[in-house]
Amino acid sequence: MRIVWDKEVRADLVVLSSADWEEYAWAHGRVTNFSFLRIGDVIAYEHCVLQLVRKELFCGEDGLLHAGWNCRVLEGNPAQEERDCFLKHRGLSLAWIALSDKGARGEREDVSGPAIREIVSGAMEICLSRGMVIPDEPDILKHILTDFCLFQGFDLVITTGGTGVGPRDITPDVTYTLLDKRLPGFEQAMMAAALKKTPRGAISRAVAGTMGLSLVVNLPGSLKAVRENLLSVLPAIRHAIEKLQGDQKDCGIF
């Protein structure tokens, strides 16, 4: 893997484009294997360490949109040079989406989203996390799921809220249409955990599955239900993601 810097850069945030394209004014540098990069990846070489924190579309001199990675400089400073570098991905990248009309209007604080990060990070290493609160709107959820899974490339994407039977509960309906493979075992484990606490757990329509190389899990909206449901599938999450992303080890070997 090669990285090219067209000039010395002294900034906390830099932008990388694909080495397949000509130099663009918006990019500080270019990197090979661009299509394999995912959010949370770390690019490192002797004098510099970068972490990919957000993928965006930039307008090039040709008038077309091209993808570029915003990278946080963790160590050193990019110099004008071309270097061999290596890619590593330590821990999981996590995104959560809290669906709440009141939350999106600022009338209710999101407590479920931060709880998701706390629970997941307590069980496994997280290299990067991001969350947002959106209204219960199908088009918005579809756009965010597509961005997080297929464009940014988060390892784990968790939604909270909108899993019931209310007129604005649309999370499972949108999620199901986007999944490549559904994971009924996750859904059954969450349902079993919910029913141990209350018969009202049967109302949940939460789904789970894969979208690209991302694992997607719906959780209910209440903090209590988030903890119960997430803890029921937490032991299987890392293994599921590893298999999804190409791990070849036998499943019985730990």
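Filter segment 3-33 for residues that are under 27 Å from the mean Cα position of the chain (by Cα), within 19 Å of Glu75 (Cβ to Cβ) and of a type in the set (D, E, K, R) and give the result. Of everything in segment 3-33, just one residue is under 27 Å from the mean Cα position of the chain (by Cα), within 19 Å of Glu75 (Cβ to Cβ) and of a type in the set (D, E, K, R), namely Asp12.
Within segment 78-103, which residues are among the small types (Gly, Ala, Ser) and either under 14 Å from the mean Cα position of the chain (by Cα) or within 23 Å of Val42 (Cα to Cα) (or both)? Within segment 78-103, Ala79, Gly91, Ser93, Ala95, Ala98 qualify.
Just one residue in the set Gly185, Gly164, Gly209 is touching a helix residue (DSSP H, G or I) at 6+ places or on another chain (Cβ under 8 Å), closer than 22 Å to Ala115 by Cα and surrounded by fewer than 19 Cβ atoms within 10 Å (Cβ to Cβ); that residue is Gly164. Take Val4 and decide whether it is touching a strand residue (DSSP E or B) at 6+ places or on another chain (Cβ under 9 Å), farther than 30 Å from Leu145 by Cβ and not in a loop (DSSP other than H, G, I, E, B). Yes, satisfied.
Residue pairs whose Cβ atoms lie under 9 Å apart, separated by 6 or more positions or on different chains, with the first residue in segment 199-215 and under 14 Å from Leu178 (Cα atoms) and not assigned by the TED database to the domain that holds Ile39 and the second surrounded by fewer than 19 Cβ atoms within 10 Å (Cβ to Cβ) and aromatic (Phe, Trp, Tyr), are Val207/Tyr176; Gly209/Tyr176.
For segment 104-123, the criterion of being within 15 Å of the chain's Cα centre (by Cα) and basic (Lys, Arg) is met by at least one residue.
One line per residue, one yes/no per condition, for (1) part of a helix (DSSP H, G or I); (2) surrounded by 15 or more Cβ atoms within 10 Å (Cβ to Cβ); (3) among the hydrophobic types (A, V, I, L, M, F, W, C); (4) not assigned by the TED database to the domain that holds Lys102:
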position	(1), (2), (3), (4)
Thr175	yes, yes, no, no
Ala192	yes, no, yes, no
Asn218	no, yes, no, no
Lys224	yes, no, no, no
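Considered as a group, the residues in segment 35-48 that are under 21 Å from Gly153 (Cα atoms), free of Cβ contacts under 8 Å to residues at least 60 places away in the same chain and crowded, with 17+ Cβ neighbours inside 10 Å include one that is farthest from the chain's Cα centre (by Cα), and that residue is Ala44. Applying the condition of being exposed (fewer than 15 other Cβ atoms within 10 Å of the Cβ) and more than 16 Å from the chain's Cα centre (by Cα) to segment 136-161 and asking which residue is nearest to Leu37 (Cα to Cα) yields Asp139. In this structure, Thr198 does not satisfy being of a type in the set (Val, Ile, Thr) and under 20 Å from the mean Cα position of the chain (by Cα).
The values are calculated or read from the model by the stated rules, or taken from the named source; none is laboratory data. Model, not experiment: these values are computed from the prediction. Because the Cβ atoms are built from the backbone with ideal geometry, glycine has one as well, and the counts that use them run over all protein chains shown.
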